[in-house]
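Structure record follows, encoded as structure tokens.
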Amino acid sequence: MSEQLKHFVDWLMQPTLYFALSVVALVAVLKFRAISTKKSVIIGFFVLGTAFFAWAWSDPNFNKIITKPDNVPIVILLATVIFFSWLSLHRGYINDERKKKGLPTLEGELGKQKVFTWPDLVYTELICMVLFTALLVIWSIKIGAPIEEPAAQARTPNPSKAPWYFLGLQELLVYFDPWIAGVLLPSFIIVGLCAIPYIDVNPKGNGYYTFEERPFAISFFWVGFLLFWVSFVILGTFLRGPNWSFFGPFEYWDLHKLEPMVNIDLSTYFWFDLLGRPKAPSDPLLRELPGIVLLLGYFAVLPVLLQKPLMAKLFDGKREHIVRYHLMMHLLLWFGLIPIKMLLRWTIDLKYIVGIPEWFFNV
Amino acid sequence: MGKLFDSIRNTQLWKSVFRHGYPDTPRNRTLAVLSNFFLHLHPVKVRRSGIQLSYTWCMGGLTFFLFLIETITGLLLMFYYRPTAELAYQDIFALREHVPIGIMRELHRWSAHMMVITVWLHMYRVFLTGSYKPPREFNWNVGVILLVLTLLLSFTGYLLPWDQLAVWAITVGSNMARATPFLGHEGPGASLISFGGLNFIHAGDDVRFGLLAGRFVGEGALLRFYVLHCVGIPLAAATLMAIHFWRVRKDGGISGPL
């Protein structure tokens, strides 16, 4: 029974299912807020989660990956992110319900009162600092900082992993070349974060938790932060082993596990399978024309086509927001490329939409 | 006992430091905040909603606190660490072997990991409460840069133990720079930057080379990362933090409903 359950969990955690289930869970939590924001839901979740950990602890492979010193913070990250996501939605739901009844928000009600910084704020800060110091000291006594063999250029460890907070980006290397996964996407994340206050013109939800007043903004950030950042960090840390192959949490990290790479370029599909040509054109631009046309359509034509309905929905159809709209669309389309490429890889083994290795230009 | 404290509070020495009585009256509570250099970051009075833990999660404050822990433990570690390829690993190893119940390196490493988490959660909270909206747009931007600096601080520090874990993590991370468009020797467009058939961008002068001071993670990279980790990035982060906190006050304090 125990072994079967382990196999089932391993099977459940493979990237395709892991991702699909995360999407379903996220939509369900946001959609059925009346249920998901109940206190019993989060308590139940943490009880079940702790029970799972306690059960899985005795498994040597699970134990090895969880107790690796540098992986401890990721367990903390998982627990805190889930708790605080729930807390924000919980408070948002209460506020939304209060507003429907004509009551002020929780923050609005309390915000009328002002209290002295000394003692109310400084004591909270002091207690937080003392508790955090205690936590860090106990953690430091219990678990030693890792030190491996001395650095050696000739011996490459397998797997070689970046620091844990960059493993989401390393995971993207499965689907994209380094110039996109390691340079363009991180740059767009930073630019995109900076642009948020200038793109979001919705004046509501400033200084209190809510969902119904900013459904698009909150859903987008949940998808971006929870689904594509935190959950990819967890995938890259716990579920990727030698050769960046997938390993379930209870699976032994076998150095010889090979996942055959049979990925095919879009141009190959076009010239061989669709047109039945024996040979693709030698000129790279002509060869990759179908992919280039698709990308141009995606980045240049799609924003124009969607301009009217989306402008009306997000910017009240005001012409003055046209620059905001196109900036937002450009950033969103780059972001959208990630799930699109993932789905194409999983369904038709697509390698590159445009693949010009001669110029290091592979998308 | 109370008498003893009273007599201490009445000495010239005490009064020269603290210019107010015990903070149990509105006047003294105001003075406690106003006349203390560290506390005067705060306003005298705050909205009750703004100091609720379930509203702020205390994550920004904890991030700053962790930065202070990092500064103190990092300073102590610098006494025992020499950033050269011959000595770096030895020094870190000796720290573990020769110092009984030494936890400075542990405190430094675990606090660094926690700081990454708290800074993410702080950003998450600020987003979810819409606190980036006017008038706080600029401070959100300062925060984004501080978040990037936190990651860079952690990244540069990751190399310093100079063991296999460190060197290969930085190798994997910095390999990305090779593929920078135009500026990395394996990036798209790099071959366009040439003159008379001569390529300007190659493995010996691209951005990765500039980052690592070499073609691989070697001694040059160690020194470069050490200086950035101990001096460069902390200075930049401290400056931006000062601006960040100052702007919180100028933009109306901890956010709340308008």
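Residues in region A:317-358 that are touching a residue at least 60 places away in the same chain (Cβ under 8 Å) and at positive phi: 1 in all.
So which of B:Leu66, B:Leu75, B:Leu4 is more than 9 Å from chain A (Cβ to nearest Cβ) and within 30 Å of B:Thr156 (Cβ to Cβ)?
Working: B:Leu66 fails: more than 9 Å from chain A (Cβ to nearest Cβ); B:Leu4 fails: within 30 Å of B:Thr156 (Cβ to Cβ).
Only one candidate passes the filter, namely B:Leu75.
Would it be correct to say that A:Phe52 is out of contact with any Pro (no Cβ under 6 Å at 6 or more places or on another chain), aromatic (Phe, Trp, Tyr) and surrounded by fewer than 16 Cβ atoms within 10 Å (Cβ to Cβ)?
Details: out of contact with any Pro (no Cβ under 6 Å at 6 or more places or on another chain): yes; aromatic (Phe, Trp, Tyr): yes; surrounded by fewer than 16 Cβ atoms within 10 Å (Cβ to Cβ): yes.
Spelling it out, A:Phe52 is indeed out of contact with any Pro (no Cβ under 6 Å at 6 or more places or on another chain), aromatic (Phe, Trp, Tyr) and surrounded by fewer than 16 Cβ atoms within 10 Å (Cβ to Cβ).
Checking region B:98-111 against the condition returns a match, with at least one residue being surrounded by 15 or more Cβ atoms within 10 Å (Cβ to Cβ), polar (S, T, N, Q) and at the interface with chain A (Cβ under 7 Å from one of its Cβ atoms). Looking at region B:169-187, is at least one residue free of Cβ contacts under 8 Å to residues at least 24 places away in the same chain, among the β-branched types (Val, Ile, Thr) and in a helix (DSSP H, G or I)? So far as region B:169-187 goes, yes, one or more of its residues are free of Cβ contacts under 8 Å to residues at least 24 places away in the same chain, among the β-branched types (Val, Ile, Thr) and in a helix (DSSP H, G or I). Cβ separations smaller than 8 Å between residues 6+ apart or across chains give the following pairs from region B:135-163 residues that are over 17 Å from A:Ile190 (Cα atoms) and more than 7 Å from every other protein chain (Cβ to nearest Cβ) to residues that are in a helix (DSSP H, G or I) and small (Gly, Ala, Ser): B:Gly157/B:Ala112; B:Leu159/B:Ala166; B:Leu159/B:Ala169; B:Leu159/B:Ala221; B:Leu160/B:Ala88; B:Leu160/B:Ala166. Across region B:1-44, the qualifying residues are those that are of a type in the set (S, T, N, Q) and within 17 Å of A:Val122 (Cβ to Cβ), and the one among them that is nearest to the chain's Cα centre (by Cα) is B:Asn36. Quick check on my filter: what residues within region A:170-198 are more than 8 Å from chain B (Cβ to nearest Cβ) and touching a Gly at 6+ places or on another chain (Cβ under 9 Å)? Listed by number, the residues that qualify are A:Glu171, A:Leu172, A:Leu173, A:Phe176, A:Ile189, A:Gly192. Among the residues of region A:288-321, count how many are within 13 Å of A:Ile353 (Cα to Cα) and either outside the structural domain of A:Pro339 (by TED's automatic domain parsing) or in contact with a Gly (Cβ under 9 Å, 6 or more places away or on another chain) (or both). Number satisfying all stated conditions: 3.
With respect to the numbered conditions (1) touching a helix residue (DSSP H, G or I) at 6+ places or on another chain (Cβ under 7 Å); (2) over 19 Å from A:Leu227 (Cβ atoms), which one is the sole condition not fulfilled by A:Leu30? With (1) touching a helix residue (DSSP H, G or I) at 6+ places or on another chain (Cβ under 7 Å); (2) over 19 Å from A:Leu227 (Cβ atoms) applied to A:Leu30, the lone miss is (2). Of all residues in region A:98-113, those satisfying the criterion of being closer than 15 Å to B:Gly50 by Cβ and either among the hydroxyl-bearing types (Ser, Thr, Tyr) or exposed (fewer than 12 other Cβ atoms within 10 Å of the Cβ) (or both) are A:Thr105, A:Gln113. Just to be sure before I move on: is A:Ser267 over 27 Å from A:Leu331 (Cβ atoms), crowded, with 21+ Cβ neighbours inside 10 Å and modelled with pLDDT under 95 in the structure I sent? It is true that A:Ser267 is over 27 Å from A:Leu331 (Cβ atoms), crowded, with 21+ Cβ neighbours inside 10 Å and modelled with pLDDT under 95.
Quick grid of which residues meet (1) touching an Asp or Glu at 6+ places or on another chain (Cβ under 6 Å); (2) of a type in the set (Val, Ile, Thr); (3) more than 20 Å from A:Gly182 (Cβ to Cβ):
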{"site": "B:Leu152", "(1), (2), (3)": "no, no, no"}
{"site": "B:Gln164", "(1), (2), (3)": "yes, no, yes"}
{"site": "B:Val167", "(1), (2), (3)": "no, yes, no"}
{"site": "B:Val172", "(1), (2), (3)": "no, yes, no"}
{"site": "B:Glu186", "(1), (2), (3)": "no, no, no"}
{"site": "B:Phe200", "(1), (2), (3)": "no, no, yes"}
{"site": "B:Arg208", "(1), (2), (3)": "no, no, no"}
{"site": "B:Phe216", "(1), (2), (3)": "no, no, no"}
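Of the residues making up region A:239-261, those that are among the aliphatic types (A, V, I, L, M) and not assigned by TED's automatic domain parsing to the domain that holds A:Ile65 are A:Leu255, A:Leu258, A:Met261.
What do you reckon, is B:Ala32 at pLDDT 95 or above and surrounded by 11 or more Cβ atoms within 10 Å (Cβ to Cβ)? No, not satisfied. If the condition is being more than 7 Å from chain B (Cβ to nearest Cβ), surrounded by fewer than 20 Cβ atoms within 10 Å (Cβ to Cβ) and assigned to a helix (DSSP H, G or I), then region A:138-166 contributes A:Ile138, A:Lys142.
The values are calculated or read from the model by the stated rules, or taken from the named source; none is laboratory data. In this text the structure is predicted, and so the values were computed from the model without any measurement. Every residue, glycine as well, gets a Cβ built from its backbone with ideal geometry; the counts of neighbours run over all protein chains shown.
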